[in-house]
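S.K.: Just dropping this structure here.
Derivation of every value follows stated rules applied to the coordinates shown; laboratory data play no part. Everything quoted here is computed from the prediction, not taken from an experiment. For neighbour counting, all protein chains shown are included, and Cβ atoms are generated from backbone atoms with ideal geometry for every residue, glycine included.
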Amino acid sequence: MTIFNGYTSRAQVIRALRAKGFTFSTALGATESNPKLVKGEKLGVLSKPHNLAPGRESGKWNLCASASPGCLIACLNTAGNPVYLRAKLSARIQRTHAFMTMRKAYIALIAFELEALESKALKLGMVPAWRPNTTSDYPFQSVPLTVNGKPHNSLIHYFSGIEAYDYTKISKKALQWAKGLLPSNYHITFSKSEINDSCVDKVLAAGGNVAVVFEKVLPGYYKGVTVINGDESDVRFMDSKGVIVGLKAKGLGKVDSSGFVVRERAYKGSAARIVLEAVS
């Protein structure tokens, strides 16, 4: 039996959360809840999303401290089937409150679910993976975990057999990954916004990866760097280093006017190519 943060079972954690009024039943989402995660299954990856309330959507805490105005508008928190959106947003807010006020219990809940994920993936012959920050940008690599009374740096460190991967707008974190200073099972992709272009250049220069949201068409190159199609799957840890991860605008990002989404402008020239530029 594994004891996480003093809790002997997932059921014990749920009882503790219920006693404080929390009604959600899982910390990690279902693979099938995210179409891109489902695509990853074809590549042999069984991945789970972890969704908290982004920015200040929780009403109290900011879990996306480096988010730009354009990022908050285009946030994937607004994407998906609107029929289920209200319930999803409510659950994310509850999870955020549990994480911030009952951290040991909440982290233990994630740990029990990651343990189950790893076991299931092993039986299926698949690679287990998760996104700590599917709709947030928090330093989970620094949130401690106790296992059978022994301290560990984080969930990511302890579950070294599970691939963790995130997008981030924290340039320091992206540079740490590019320089090999984060756990080897934690893959980071820096995200371009309308205000961090100089950081994009630094991350690319260090050999890191950068996600760029394009209006419609993904170019072959951006800033002289190869662009890969990030919408084909969500398994960023399989990407080569030093690439641009191209994503098409989704949700409210489709009507973005902040410059967060890179607009396309075709013009005729000797090369007859598409040039992309940010429009603020």
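S.K.: Explain nothing, just compute: Karplus ³J(HN,Hα) = 6.51 cos²θ - 1.76 cosθ + 1.60, θ = phi - 60°, for every residue of the stretch 246-251 in order, whole Hz, x for Gly and Pro.
M.R.: x, 10, 8, 4, 10, x
S.K.: Something else about it: Helix 82-101 versus the longest principal axis of the chain: what angle, 0 to 90°, nearest 10, using Cα atoms?
M.R.: So the inclination is approximately 60 degrees.
S.K.: Skipping prolines and chain starts, which residues have an amide H placed within reach, meaning under 5 Å, of the one on LEU182, given they are 5 or more residues away or on another chain?
M.R.: For LEU182, whose amide H was placed from the backbone, there are no distant partners under 5 Å.
S.K.: Follow-up. State, to one decimal in nm, how far the label point of ASN185 lies from the label point of VAL147, with both points 7 Å from Cα in the Cβ direction.
M.R.: 0.7
S.K.: Quick one: helix 103-124 against the long Cα principal axis of the chain, what's the angle to the nearest 10°, folded into 0 to 90?
M.R.: 80
S.K.: ARG86 versus ALA116, label points 7 Å from Cα toward the beta carbon: distance in nm?
M.R.: 2.8
S.K.: While we're here: So what is the 222 nm mean residue ellipticity for the chain from helices alone, if each DSSP H run of at least 4 adds -39500 (n - 2.57) and you divide by all residues, rounding to the nearest 500 deg cm²/dmol?
M.R.: Helices in the chain give a 222 nm mean residue ellipticity of -9000 deg cm²/dmol.
S.K.: Okay, next question. Using alpha carbons only, how many degrees (0 to 90, rounded to 10) separate the axis of helix 10-19 from the longest principal axis of the chain?
M.R.: 90
S.K.: Round to the nearest 0.05 the FRET efficiency obtained for ASP231 and ASP197 when R0 = 25 Å and r is the Cβ-Cβ distance. Don't skip to the end; give the middle numbers.
M.R.: Working: r = 22 Å, r/R0 = 0.90.
The computed FRET efficiency comes out at 0.65.
S.K.: Is there a pair in LYS123/LYS179; LYS42/LYS172; LYS88/LYS216; LYS150/LYS192; LYS179/LYS216 whose C-alpha atoms are over 30 Å apart, and which pairs would that be?
M.R.: LYS123/LYS179; LYS42/LYS172; LYS150/LYS192; LYS179/LYS216
S.K.: Using the basic label-point model (7 angstrom from Cα toward the beta carbon), what is the VAL38 to MET238 distance in nanometres?
M.R.: It works out to 1.7 nm between the two label points.
S.K.: A further question on this structure: Under the rule of at least 5 residues apart or a separate chain, name every residue whose amide H is placed under 5 Å from the amide H of THR146.
M.R.: Residues meeting the criterion, in which the H sits 1.01 Å from N, are ASN5, HIS152.
S.K.: Between VAL225 and residues 5 or more places away or on another chain, which pairs have amide H atoms under 5 Å apart, with H built 1.01 Å from N, and which residues are they?
M.R.: Placed amide hydrogens put nothing under 5 Å from VAL225.
S.K.: Follow-up question, since we're still on this one. Indicate, rounded to the nearest 5 percent, the antiparallel portion of the DSSP beta bridges found entirely in the chain.
M.R.: DSSP beta bridges in the chain are roughly 35 percent antiparallel.
S.K.: Would you kindly derive the ³J(HN,Hα) couplings of the stretch 51-66 from the backbone phi angles with the Karplus curve 6.51 cos²θ - 1.76 cosθ + 1.60 (θ = phi - 60°), listing them in order in whole Hz, with x for Gly and Pro?
M.R.: Per residue, the Karplus-derived 3J(HN,Hα) values read 10, 10, 6, x, x, 9, 4, 6, x, 9, 10, 9, 9, 9, 4, 9 Hz.
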